[in-house]
Amino acid sequence: MLQETRLHRIRALLTTQHQVSTERIIKELGISRETARRDIITLEAQGLARRVHGGVVAPDSQPEPPLQVRRNAQAKEKRAIAAAAVQHLQPGQTLFLDAGTTTTMLAEALRSMSGLTIITNSLQAALALSAAEEHETLNNQVLLLGGMMTAGAQQTRGEMTVADIYRYRADVALLSPVGIDASQGASSFHPHEAAIARAMVQQAGRTILLADHSKLGVVSRVQYAPVAEIDLLICDGGQARTGALSALQQVLPQVQVV
């Protein structure tokens with residue numbers, strides 16, 4: 001097998017796994033340990049990977065922290081963003097919500113409204129929207145998208161989830177990206193999350209992004225919405241990366257800072 005082919009296959013593994021062990025490279029490619037070591041060194045020299053103990057990781061890509069850690073981070077700012085998002089919605093609308101800590105807080109805020117149809121793949125958002133006694137009538141209709149689940153994820157995912165999204169048309173997609181950048185648009189770390197967000201953008205008449213200041217100017221692994229497809233960004237005024245907010249204000253039709 002040519003080295004170019006081997007390097008391409010290792011990079012393909014990194015796009016889905018983030019971290020790949022040397023043992024897996026040896027097994028997947030059917031090569032010797034020494035050849036695997038040389039290929040890893042070559043990828044690192046090209047800036048396409050970073051060596052770690054026992055294998056290699058994708059460069060400048062960090063997986064999101066656990067859900068509870070993310071929920072506690074910038075909690076005050078996320079609640080303010082969620083409250084601002086509610087002001088852009090009207091009874092009778094159909095909404096898409098993806099899975100994220102900010103959209104879960106939005107789901108809690110949406111309980112103050114009525115007459116909405118809310119379609120989501122987030123178990124936490126669905127539970128927040130349906131929190132009531134059995135005899136009570138919900139203010140809004142809540143549709144939980146089908147799909148696969150993995151341990152601790154608290155969301156549905158996979159081809160079934162994406163196909164389910166394409167059954168619906170929504171007035172507004174409200175999404176919480178891993179990063180939003182003036183040149184690269186909205187992005188997510190996991191390909192399956194990006195696929196769901198991308199489908200929601202395509203099936204919605206309007207796209208609103210909810211992002212605290214830590215996400216501004218950040219480019220994650222998989223883009224799902226270029227800036228031309230983003231109608232409104234709601235963010236807080238905390239300390240973002242240098243120039244990130246002003247750059248976004250120049251390219252997006254509307255940016256609301258809370």
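The values are calculated or read from the model by the stated rules, or taken from the named source; none is laboratory data. Remember, it's a predicted structure, so these values are computed and weren't measured experimentally. Please note: Cβ atoms are built from the backbone with ideal geometry, for glycine as well, and neighbour counts cover all protein chains shown. With ligands, DNA and RNA removed, areas are computed over all heavy atoms of the protein, side chains included. Shrake-Rupley method; radii C 1.70, N 1.55, O 1.52, S 1.80 Å.
Miscellaneous remarks
- Region 13-41: number of residues that are open to solvent by 50 Å² or more (accessible area, probe 1.4 Å) and either modelled with pLDDT under 85 or part of a helix (DSSP H, G or I) (or both): 13
- Criterion violated by H190 - all others in (1) more than 12 Å from the chain's Cα centre (by Cα); (2) under 22 Å from A163 (Cα atoms); (3) open to solvent by 10 Å² or more (accessible area, probe 1.4 Å) satisfied: (1)
- Filter result (outside any helix (DSSP H, G or I), of a type outside the set (G, A, S) and at pLDDT 80 or above) within region 47-91: L48, R50, R51, V56, V57, Q87, H88, L89, Q90, P91
- Annotation: L106 fulfils all but one of (1) in a helix (DSSP H, G or I); (2) surrounded by fewer than 23 Cβ atoms within 10 Å (Cβ to Cβ); (3) touching a Leu at 6+ places or on another chain (Cβ under 9 Å); the unmet one is (2).
- Single residue of region 160-192 satisfying the filter (charged (D, E, K, R) and touching a residue at least 12 places away in the same chain (Cβ under 8 Å)) that is farthest from H88 (Cα to Cα): D164
- Unmet requirement for L110, which otherwise passes all of (1) free of Cβ contacts under 8 Å to residues at least 60 places away in the same chain; (2) farther than 17 Å from A204 by Cβ: (2)
- First in region 42-58 and open to solvent by 40 Å² or more (accessible area, probe 1.4 Å), second anywhere and acidic (D, E), Cβ under 9 Å, 6 or more apart: R50/E44; R50/D60; R51/E44; G54/E23
- Selection from region 196-223 of residues that are farther than 13 Å from A170 by Cβ and open to solvent by 10 Å² or more (accessible area, probe 1.4 Å): R198, H213, S214, K215, G217, V218, V219, S220, R221, V222, Q223
- The residues in region 115-141 that are open to solvent by less than 40 Å² (accessible area, probe 1.4 Å) and within 22 Å of the chain's Cα centre (by Cα) can be counted, and the count is 10.
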